[in-house]
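Enquirer: For reference, the structure I am asking about is given below.
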Amino acid sequence: MLENTRYLLKTAKKLTVSYFGGSITEMKGWRGMTESWMREAFPEAEITNVNSAIGGTGSFVGLYRCDRDVIAHKPDLVFFEFSVNDGFACDYDGVSVNSESIFRKLRRANPYVDIIIVYTITKAAWDAYTDGRPSVARQAHDDLGRHYNLPRIDMGIHLAYAVNRAGGDWTVYAPDTVHPGEGGHRFCADAVIDVLRPALSGEAPEALKEHVMPEPKNPADSLKTDARLLDAAGLIECGSGQRQKGWTLVDKPLCGRYEHYIESDDIGSALELRFTGREAGVYWMLAKDGGDIICSLDGGEEKTVRAWDRYCLNFNRIALPLLYGNLAPGEHILRLRVAGKKHEQSEGNKIRIAAFGIS
């Protein structure tokens, strides 16, 4: 297990690690503690750590951003953590297809990459488990882990046991019952380190070994290994330096996760995207001043999608809602325009788009 990681740390003395997941991984907690241990355990190795996690996102969003947020950094080791956010889907097949597509993307880009699946936990997930309702998402990840022979680390169970020893009060180690505090992250990190320490000890192998890709677990035609993000900036270019009326290119990161974006609050301002694929989503900001867009596909019936939800009362965040799925293969035309409506609690009609998710 993790022979390639051991070789890179002990022989090549250079390793790039990607931490790919949701908010529990995006926090500095277990991720930072694991980074510190690896640097202390292998002081001669140059270790590059990439925070590829985004709070509130699961493997569906992860699939579309995998190329730019993970593969672009050429990782040698990837921690995959989506069990909590995938748990909201309650869709075994969807989680399995998205996750398997990610694993195959990673291994096609680098057949030597080591992948570790890690499981986190929340009070709600633990209560469901102890009530006889185990996580469908976790089962999907675990089945794929066995199929691809990937190590799995259950940091969540260590945290849950610590909570039980503390009398069952989750706020001792996870103040909001979802995100661990420093003490909770310590239990999570120790669970990871307890696996890494023996796996990375001993002599290094003589060379890197390519991971053999098995046949897909899911039907091959259901996989979405072509999932990608198409930059939105080009949609407002009109040539000769002119830009489409109503839209502005903002040359600063969207939620710290995409280098630029386009925005408009000009009612009726429209965009058109021609794409080839079976799914189309929008990679945008849900914000306190987010408005509505009206969209249609191939000239069909219009529908409204909102760039605001109740969480925007407290913070803005990046999201990728699916606009259209299960499309016939081939070219499609997606049309969007800024709506005059918005949620009554929203502060504006702003639409901010970084890219479109296409597969």
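Any read-out appearing in this document is the output of simple, stated calculations on the displayed coordinates, not a laboratory observation. Remember, it's a predicted structure, so these values are computed and weren't measured experimentally. As a convention, Cβ positions derive from the backbone with ideal geometry for all residues, glycine included, and neighbour counts pool all protein chains shown.
Enquirer: Specify the residue with the greatest mean-square fluctuation among Gly22, Gly132, Gly290, computed from a Gaussian network of the chain linking alpha-carbon atoms under 10 Å apart.
Expert: Gly132
Enquirer: Sticking with this one: In nanometres, what is the gap between the two model label sites at Glu206 and His343, each 7 Å from Cα along Cα-to-Cβ?
Expert: Each label point is offset 7 Å from its Cα along the Cβ direction, giving 6.1 nm.
Enquirer: Shape of the range 228-358 from its Cα gyration tensor (a ≥ b ≥ c, root eigenvalues): rounded if a/c is under 1.5, otherwise prolate when a/b > b/c, or oblate?
Expert: Details: a/c = 1.43, a/b = 1.22, b/c = 1.18.
It is rounded, given that a/c, with a ≥ b ≥ c, falls under 1.5.
Enquirer: Related question: Taking Cα pairs under 8 Å and at least six residues apart, what relative contact order does the chain come out at, in percent?
Expert: Values: 734 pairs, mean separation 58.6, N = 359.
Averaging sequence separation for qualifying contacts and normalising by length gives 16 percent for the chain.
Enquirer: If you don't mind, another one. What is the Å³ per residue value for the convex hull set by the Cα atoms of the range 143-248?
Expert: Details: hull volume 30.1 nm³, N = 106.
In the range 143-248, the Cα convex hull volume per residue is 284 Å³.
Enquirer: Within 10 Å of each residue's Cβ, count the other Cβ atoms and sort Glu206, Glu81, Glu100 from fewest upward. Intermediate values should be presented prior to the final figure.
Expert: Values: Glu206 8, Glu81 31, Glu100 25.
Lowest count first: Glu206, Glu100, Glu81.
Enquirer: Using the Cβ atoms and a cut-off under 12 Å, what net charge is assigned to the surroundings of Ile47, where Lys and Arg are +1 and Asp and Glu are -1?
Expert: Numbers: positive: Lys13, Lys14, Arg39; negative: Glu35, Glu40, Glu44, Glu46, Asp76.
Surrounding charge for Ile47 is -2.
Enquirer: Here is a further query. Charges at C-beta only: +1 for Lys and Arg, -1 for Asp and Glu. How large is the resulting dipole of the range 242-359 about its Cα centre, in Debye rounded to 20? Each step should come with its number before you reach the end.
Expert: Numbers: 17 positive and 16 negative charges, 38 e Å.
The calculation lands at about 180 debye.
Enquirer: How far is it, in nm, from the label point at Thr11 to the one at Asn149 when both lie 7 Å from their Cα along the line to the Cβ?
Expert: Going from the Thr11 label point to the Asn149 one covers 1.8 nm.
Enquirer: For the range 3-222, just the Cα atoms, rotate onto the principal axes and tell me the three extents in Å, largest first.
Expert: Answer, in whole Å and largest first: 49, 45, 27 Å.
Enquirer: For the cross-link pairs Lys28/Lys74; Lys13/Lys209; Lys105/Lys217; Lys14/Lys74; Lys74/Lys105; Lys224/Lys303, which exceed 18 Å when the distance is taken from alpha carbon to alpha carbon?
Expert: With Cα atoms farther than 18 Å apart: Lys28/Lys74; Lys224/Lys303.
Enquirer: Would you mind counting up the charge near Leu200? Only other residues with Cβ under 15 Å from its Cβ, with Lys and Arg at +1 and Asp and Glu at -1.
Expert: Details: positive: Arg6, Lys10, Lys13, Lys14, Arg39, Arg197; negative: Glu3, Glu35, Glu40, Glu44, Asp76, Asp114, Asp194, Glu203.
Spelling it out: positives minus negatives among the neighbours equals -2.
Enquirer: For Tyr129 and Asp91, calculate 0.36 nm times their separation in residues minus their Cα-Cα distance, and state this gained length in nm to one decimal. Spell out each step's value before the answer.
Expert: On the way: separation 38, 0.36 × 38 = 13.68 nm, distance 1.64 nm.
The span from Tyr129 to Asp91 would gain 12.0 nm if fully extended.
Enquirer: Please work out the FRET efficiency for the pair Thr48 and Glu182, using the Cβ-Cβ distance as r and a Förster radius of 41 Å; give the result to the nearest 0.05. Don't skip to the answer; put the middle values down first.
Expert: Details: r = 25 Å, r/R0 = 0.60.
My answer for the efficiency is 0.95.
Enquirer: Also, I was wondering about something else. Treating only the Cβ of Lys, Arg, Asp and Glu as charged (+1, +1, -1, -1), what charge dipole size does the range 161-240 show about its Cα centre? Round to the nearest 20 debye.
Expert: Details: 7 positive and 13 negative charges, 48 e Å.
For the range 161-240, the charge dipole is close to 240 debye.
Enquirer: Oh, and also: Only counting other Cβ atoms within 10 Å, I'd like Cys66, Cys90, Cys255 sorted with the fewest neighbours first.
Expert: Working: Cys66 27, Cys90 11, Cys255 19.
Ranking Cys66, Cys90, Cys255 by Cβ neighbours within 10 Å, fewest first, gives Cys90, Cys255, Cys66.
Enquirer: Let me ask something else about it. Give the order of Ser101, Ser135 when sorted by the count of other beta carbons within 10 angstrom, beginning with the fewest. Don't skip to the end; give the middle numbers.
Expert: Numbers: Ser101 25, Ser135 22.
Ordered from fewest to most neighbouring Cβ atoms within 10 Å, Ser101, Ser135 come out as Ser135, Ser101.
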